[in-house]
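The structure's right below; bear with me while I get my questions together.
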Amino acid sequence: MSSLHDTVHRVTQRIVERSADSRRRYLDLMEREGDRHADRNTALACSNLAHGFAASAEDKPSIATRAGPNIGIVTAYNDTISAHQPFGAYPPQMKVWAREVGATAQVAGATPAMCDGVTQGTDGMELSLFSRDVIALSTAVSLSHCMYDAVAMLGMCDKIVPGLLIGGLRFGYLPTMFFSAGAMPTGISNKEKQRVRQFYAEGKATRAELLKSEAASYHSAGVCTFYGTANSNQMMLDLMGLSLPGAAFINPGTPLRQALTRASVHRLAAITRDGNDYRPLAKCVDEKAVVNATVGLLATGGSTNHALHIPAFARAAGVQIDWNDMAELSSAVPLLARVYPNGADDVNHFQAAGGLGFVVRELLDAGLIHRDIMTVHGENLSAYALEPWLDGEELAWRDPGPSGDETILRGAAAPFAPEGGMRLVEGNLGRACFKTSAVDPERWTIEAPCRVFDDQRAVAEAFAAGELDRDVVVVVRFQGPQANGMPELHKLTPPLGVLQDRGYRVALVTDGRMSGASGKVPAAIHCTPEAVSGGPLAYLRDGDVVRLCAERGELTTTADLTSREPATMTEDLHGVGRELFAMFRTGADSAEHGASAMLAAGGL
């Protein structure tokens, strides 16, 4: 058994020491809350309890007498998100499977679940990040009935899993498992999809041709197959041991997917407080689990959005992690996977090559993740170094063996790169994240005059007018959480990619987000402090020379910003419900702290 890597040990200890007080207060709260709500027959008056099981038909006697554990289902089902559409069928099935082991199940409540793919480039995207807080609040409302002995979380995509996790952690005395619906089958190649997008950006493809291409890519139920935030979520749940091993990417509607869902219900019923194998969420999500999630993100070149989400859900568990910790881990963690947009192939190919079982095994053997964490399945994380399969009709796990395709997945001894996929860049323009795993190392350093924009539509207009046909650092400011909710700026990828393909040296600097689908263009994102609160980007002017260097961790300008007045934001934040989210913008803390108004207001 390999000893823990020095860097992983050092960073973990630093997080433990930094979090000592907040973690202690969190665990004390969970112990008190667990004791208060251990028995719903004493915590709830008869009228309250009767309301809670009034519609439960044959399950009424069991719920009333606590004859078996009652599982609360929190669902993010809707028909608009392909990844969540399968969840519509889950609760009726889960109730049957719960009865098989003497348990019951109720839908405790639902959360909103928006799709960034639908809202990209629109005003609705400005609600996206704060939907995470709304989801966490909705989860808390769902569980506030205190009718449940365990929680089943049905959710997969971008802000949804972090939101469910944040809300669930405030009920951390309950065992909690996450249920996936799996990745949709592979559509057209990612290379072809990217080609048509860039042709459309250049005016060489029609809207009808673009729509046909997109519909051939996003074509059925299941999560989108690129390795963005949704699939990074599923990876992190494995690395923290919060779902059954290897359940992440199994396609919807398959016998293996159904077997995993059934087994998850059975397992959840077995780890409640009343049994002899109690595994509360509060004990599962600790400092070591947070480090594991971070290492997994870096080793697989996952979504940059998790530079926001990891600090946020960690705070909900009393754990404090920052970008310095993530950057230091990245310096020691090798890149083991090349999955689109960091490679040519999608998560189905990744799964076929060995998937997360292979990744967990390699990271454990190299001492890069913590084995000794409490998981919902198995004695420790070793159980997650396996892949699920059906042995006849029985669910089983086996060693994934060697990589099935070394263009997608490699071992820790011969990785794609010696370091992980993310670096911290900082200087007189602030602190920001740079996703190196998606960018050719020859483009890690860009120094050029900047062109400053206040929104991405203006960038598209300047590109169409030929104003960006040169070496340029495109600065898009007033995109932070306090400004307009920190939307993703993924619509910038095709035009900036076209400029780069034309031979220009191009980079993006922004206080907004790019995307879990961040691609080949070098970008400093999540820049903090943000422009609207007086951050340095507010003082930049067209023509100022900006230097972005991932190699040396630099984000600087040669311009003298001290003698200037800051630019002011002019965007009208009315329409598509944005005015309702003003309190979230006003109270949001920095990107590095998770960009959350809710956590800041709660003193977390």
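Every read-out reported here was derived from the displayed coordinates using simple, explicitly stated rules and does not represent laboratory data. Predicted model, so just to flag it, every value in this text is computed and none were measured. When we count neighbours, we look across all protein chains shown, and the Cβ atoms used for this are built from the backbone with ideal geometry, even at glycine.
Can you give me the distance in nm between label points at residue 352 and residue 202, each placed 7 Å from the Cα along the Cα-to-Cβ direction?
For the pair residue 352/residue 202, the computed spacing is 3.0 nm.
What shape does the chain have by the C-alpha gyration tensor, where a ≥ b ≥ c are the square roots of the eigenvalues, rounded means a/c under 1.5, and otherwise prolate means a/b greater than b/c and oblate the rest? Walk me through the numbers on the way to the answer.
On the way: a/c = 1.66, a/b = 1.52, b/c = 1.09.
The shape class here is prolate.
Continuing with this model, one more query. Any idea what the dipole of the stretch 423-571 comes to, in debye rounded to 20, about its Cα centre with Lys/Arg Cβ at +1 and Asp/Glu Cβ at -1? Can you show the working numbers first?
On the way: 17 positive and 21 negative charges, 65 e Å.
In total the dipole reaches around 320 debye.
Considering the options 537, 594, 495, tell which one lies farthest towards the positive end of the dipole of the stretch 486-604, charges being +1 on Lys and Arg and -1 on Asp and Glu at the Cβ, about the Cα centre.
495
Separate question: Helix 287-300 versus the longest principal axis of the chain: what is the Cα-based angle in degrees, 0 to 90, to the nearest 10?
On a 0 to 90 degree scale, this one is about 50.
How big is the antiparallel share of DSSP beta bridges in the chain, given as a percent to the nearest 5? Please report the intermediate quantities before stating the final value.
Values: 23 of 52 bridges.
Of those bridges, close to 45 percent are antiparallel.
Using amide H atoms built 1.01 Å from N in the peptide plane, name the residues 5+ places from residue 303, or on other chains, whose amide H lies under 5 Å from its own.
Those qualifying (amide H under 5 Å, at least 5 residues apart or on another chain) are 232.
Under a point spin-label approximation (7 Å from Cα along Cα-to-Cβ), what is the residue 505-residue 573 distance to one decimal in nm?
Each label point is offset 7 Å from its Cα along the Cβ direction, giving 3.7 nm.
Please arrange 433, 450 by counting, for each residue, the other beta carbons lying within 10 Å of its beta carbon, fewest first.
Numbers: 433 28, 450 22.
With the sparsest Cβ surroundings first, the list reads 450, 433.
Nearest 20 debye, what's the magnitude of the dipole of the chain about its Cα centre given +1 on Lys and Arg Cβ and -1 on Asp and Glu Cβ?
Details: 55 positive and 69 negative charges, 118 e Å.
About 560 debye.
Using each residue's phi in the stretch 478-492, evaluate 6.51 cos²θ - 1.76 cosθ + 1.60 at θ = phi - 60° and report the 3J(HN,Hα) Karplus result to the nearest Hz, with x for Gly and Pro.
Values per residue, Gly and Pro as x: 6, 10, x, x, 7, 7, 9, x, 6, x, 6, 10, 5, 5, 7 Hz.
Collect residues whose amide H, placed 1.01 Å from N in the peptide plane, falls under 5 Å from the amide H of residue 108; neighbours closer than 5 in sequence don't count.
73, 74
Going highest first, how would you order 36-48, 458-470, 106-118 by mean Cβ packing within 10 Å? Don't jump to the answer; show the numbers that get you there.
Working: 36-48: 13.1, 458-470: 14.8, 106-118: 20.5.
So the peptides 36-48, 458-470, 106-118, ranked by packing, come out 106-118, 458-470, 36-48.
Please determine, in degrees from 0 to 90 and to the nearest 10, the orientation of helix 160-169 with respect to the longest principal axis defined by the Cα atoms of the chain, where the helix direction is its Cα long axis.
In the chain, helix 160-169 runs at an angle near 50 degrees to the longest axis.
Round to a whole angstrom and tell me the spacing of the C-alpha centers of the stretch 384-459 and the stretch 169-195.
17
May I ask you to list the lysines whose Cα is less than 26 Å away from that of residue 491, ignoring any residue fewer than eight positions away on the same chain?
Candidates past the 8-residue exclusion: 159, 191, 193, 204, 212, 435, 520.
Something else now. Would you kindly derive the ³J(HN,Hα) couplings of the stretch 403-408 from the backbone phi angles with the Karplus curve 6.51 cos²θ - 1.76 cosθ + 1.60 (θ = phi - 60°), listing them in order in whole Hz, with x for Gly and Pro?
Listing the rounded values in order: 4, x, 6, 6, 7, 10 Hz.
What is the angle, in °, between the Cα long axis of helix 207-217 and the longest principal axis of the Cα atoms in the chain? Nearest 10 is fine, range 0 to 90.
40
Can I ask one more? If packing is taken as the mean number of other Cβ atoms within 10 Å per residue, what is the order of 181-190, 480-489, highest first? Intermediate values should be presented prior to the final figure.
Numbers: 181-190: 21.0, 480-489: 26.9.
Per-residue Cβ counts within 10 Å, averaged per peptide and sorted highest first, yield 480-489, 181-190.
What residues have an amide H closer than 5 Å to that of residue 223, excluding those fewer than 5 places away on the same chain, when H is modeled at 1.01 Å from N in the peptide plane?
182, 183, 184
If a/c stays under 1.5 just call it rounded; otherwise compare a/b with b/c (prolate if a/b is bigger, oblate if not). Do that for the stretch 257-414, with a ≥ b ≥ c from the square roots of the Cα gyration tensor eigenvalues.
Values: a/c = 1.88, a/b = 1.08, b/c = 1.74.
Here the stretch 257-414 falls in the oblate category.
Can you bin the stretch 21-137 into rounded, prolate or oblate? Criterion: square roots of the alpha carbon gyration tensor eigenvalues sorted a ≥ b ≥ c, rounded for a/c under 1.5, prolate for a/b above b/c, oblate for the rest. Walk me through the numbers before you get to the answer.
Working: a/c = 2.62, a/b = 1.41, b/c = 1.86.
Taking the square roots of the gyration eigenvalues as a ≥ b ≥ c, the stretch 21-137 is oblate.
If packing is taken as the mean number of other Cβ atoms within 10 Å per residue, what is the order of 207-216, 150-159, highest first?
Working: 207-216: 13.3, 150-159: 28.2.
Packing order, densest peptide first, comes out as 150-159, 207-216.
Now for a different question. Residue 220 to residue 46: extension gain in nm, 0.36 nm per residue of separation minus the Cα-Cα distance? Please report the intermediate quantities before stating the final value.
Numbers: separation 174, 0.36 × 174 = 62.64 nm, distance 4.59 nm.
Contour length minus Cα-Cα distance gives 58.0 nm.
Further question: Can you return the lysines within cross-link range of residue 60? Criterion is Cα-Cα under 24 Å, with same-chain partners fewer than 8 residues away left out.
95
Right, next: Can you list the HN-Hα couplings for the stretch 115-129, worked out from phi with the Karplus curve (6.51, -1.76, 1.60; θ = phi - 60°), rounded to whole Hz and with x for Gly and Pro?
With coefficients 6.51, -1.76 and 1.60, one gets 10, 5, x, 7, 9, 3, x, 10, 4, x, 4, 6, 8, 4, 4 Hz.
Right, next: Relative to the present Cα-Cα distance, how much length would full extension add between residue 65 and residue 465 at 0.36 nm per residue of separation?
On the way: separation 400, 0.36 × 400 = 144.00 nm, distance 7.11 nm.
So the extension gain works out to 136.9 nm.
Using 7 Å Cα-to-Cβ label points, what is the residue 137/residue 96 separation (nm, one decimal)?
In this crude label model, residue 137 to residue 96 measures out at 3.8 nm.
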